[in-house]
Amino acid sequence: MNTRLPTSSPASADADLETAHDIPSPEAMAMIERLITFDTTSRDSNLGLIEWARDHLENLGARTRLTYDATGAKANLFATLGEGSKPGMILSGHTDTVPVDGQEWKTDPFMPTIVDGRLYARGSADMKGFLGVALHRAPVFLDAINAGRLDAPIHYSLSYDEEIGCIGVRGLLADLEAIGLVAAGCIVGEPTSMQPIIAHKGTHRFRCHVHGREAHSSYTTHGVNAIEYAAKLVVFIRDLADRLAATEVRDFGFNVPYSTLSTGVIHGGIAANVIPKECKVQFDMRTLPSASAEALYAEITDYARKLEADMKKEDAAGRIEMTWESSTDGLAASENDAIVQLARKLSRHDETGKVSYGTEAGLFQQIGIPTVICGPGDIAQAHGPDEFVALEQLAQCERFMDRLALGA
């Protein structure tokens with residue numbers, strides 16, 4: 001990039017932070033840009049970025065640990081910077097991004113571009129902006145620990161495959177449980193406009209595979225129409241979603257204040273004049289922290305069993321296979337939690353919020369680590385073409401990190 005930004009250095013006092021420029025330092029920008037140039041689309045390897053971040057932290061004396069997926073092509077990084085008499089704070093983010101296929105970008109999505117105070121690139125908001133600032137501030141954290149301003153280490157958690165079901169971080173968390181790591185808390189840097197987020201919905205994905213019997217379409221009684229039975233299940237799930245929208249106890253902290261279900265993908269049939277033998281459908285469920293995903297799924301599978309019984313009346317081979325593909329717990333922190341109070345202090349945001357999208361935060365909370373979500377950028381800018389993060393947001397994130405280093 002050719003864009004030049006004013007030089008700034010880590011602040012030594014909080015007053016300095018309050019008068020800081022509303023743009024990030026050139027050094028932080030360079031780190032963010034370096035991360036963006038690694039194409040870490042979920043379908044591809046993230047090892048280039050992970051190994052580069054590992055080397056950066058190891059050069060500062062950090063203790064690092066990699067956990068790989070089954071293929072060895074992807075890995076999580078967990079690193080601990082410094083020592084301390086108290087449990088440390090985890091700065092957490094995923095390294096993978098969604099694809100850019102079919103999107104009409106005005107700029108190269110993997111070449112960071114600054115226009116009108118915004119940094120455009122895939123992953124700029126979700127969530128390499130946060131990771132870049134956090135990694136850039138590692139020397140500041142280390143100096144604060146060595147000088148005694150921080151009496152706890154700083155941990156870094158970088159995961160793979162968050163975008164396709166929070167897959168990678170599960171192995172990382174299993175590792176942390178196995179080694180008995182105790183952490184004071186975790187800050188997940190998803191884009192929240194630097195507002196502390198205390199709750200998000202659970203994300204659950206399931207699918208059905210309907211097996212019918214092929215026949216000529218002029219002999220409908222000779223076949224079992226897999227699409228039609230799948231359609232009945234789709235309608236049942238829509239009716240269940242409508243019931244939740246009408247009767248579930250509201251949580252107005254969320255922009256959609258009730259649990260939701262939707263049908264996302266359907267495949268079936270080979271021709272209009274052939275009774276379809278197969279139909280596959282994928283569903284999405286987003287549950288309030290107070291809702292039971294298991295109970296809702298049980299209603300769906302009970303209805304699928306009834307449909308299957310009707311199919312078998314037409315042909316004994318008819319069947320419906322239900323598969324719960326993934327589940328990510330929701331986050332439910334309290335306004336009074338120490339981690340939430342810390343995030344409010346560091347971000348200078350008095351108001352907290354709740355979001356409907358899923359993150360890895362609920363999984364950290366599930367293993368007993370107090371967790372809050374707070375990071376630069378707006379989730380509305382993520383995943384689409386021309387994703388961007390405002391430079392002002394990145395500057396706010398830098399000040400957040402500097403206050404953490406100051407113990408403030």
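The values are calculated or read from the model by the stated rules, or taken from the named source; none is laboratory data. Predicted, not measured: the structure shown is a model, and the values here were computed from it. Please note: Cβ atoms are built from the backbone with ideal geometry, for glycine as well, and neighbour counts cover all protein chains shown.
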Open item on the list: Looking at the structure I just gave you, is A338 out of contact with any Cys (no Cβ under 9 Å at 6 or more places or on another chain), modelled with pLDDT of 95 or more and of a type outside the set (S, T, Y)?
Closed with: yes
Counted residues in region 108-134 being part of a strand (DSSP E or B) and among the hydroxyl-bearing types (S, T, Y) come to 2
| Hey, A230 modelled with pLDDT of 95 or more, over 29 Å from the mean Cα position of the chain (by Cα) and not in a loop (DSSP other than H, G, I, E, B) or not | yes
Among L66, L17, the single one that is modelled with pLDDT under 95 and either over 28 Å from I164 (Cβ atoms) or assigned by TED's automatic domain parsing to the domain that holds H383 (or both) is L17
Taking region 284-318 and keeping only residues that are over 17 Å from F236 (Cα atoms) and basic (K, R), one is left with K312, K313
Of those in region 209-226 that are under 21 Å from E325 (Cβ atoms) and over 29 Å from the mean Cα position of the chain (by Cα), the residue surrounded by the most Cβ atoms within 10 Å (Cβ to Cβ) is V210
If we keep only residues of region 196-248 that are of a type in the set (D, E) and either touching a residue at least 12 places away in the same chain (Cβ under 8 Å) or assigned by TED's automatic domain parsing to the domain that holds Q341 (or both), then the residue nearest to L288 (Cα to Cα) is E248
Fill in: Hey, G123 within 23 Å of P26 (Cβ to Cβ), assigned by TED's automatic domain parsing to the domain that holds S45 and touching a Ser or Thr at 6+ places or on another chain (Cβ under 6 Å) or not
yes
Taking region 241-257 and keeping residues in a helix (DSSP H, G or I) and touching a strand residue (DSSP E or B) at 6+ places or on another chain (Cβ under 6 Å) leaves A241
Among L60, L91, the single one that is touching a residue at least 40 places away in the same chain (Cβ under 8 Å), over 22 Å from I164 (Cβ atoms), of a type outside the set (V, I, T) and not in a loop (DSSP other than H, G, I, E, B) is L91
Per the list (1) in contact with a helix residue (DSSP H, G or I) (Cβ under 9 Å, 6 or more places away or on another chain); (2) at pLDDT 95 or above, residue check on Y297 breaks on (1)
Restricted to region 90-113 and to residues being within 19 Å of the chain's Cα centre (by Cα), buried (at least 23 other Cβ atoms within 10 Å of the Cβ) and not hydroxyl-bearing (S, T, Y), the residue farthest from L391 (Cα to Cα) is I90
Only unsatisfied item for S157, checking (1) under 21 Å from K345 (Cα atoms); (2) in contact with a Phe, Trp or Tyr (Cβ under 7 Å, 6 or more places away or on another chain), is (1)
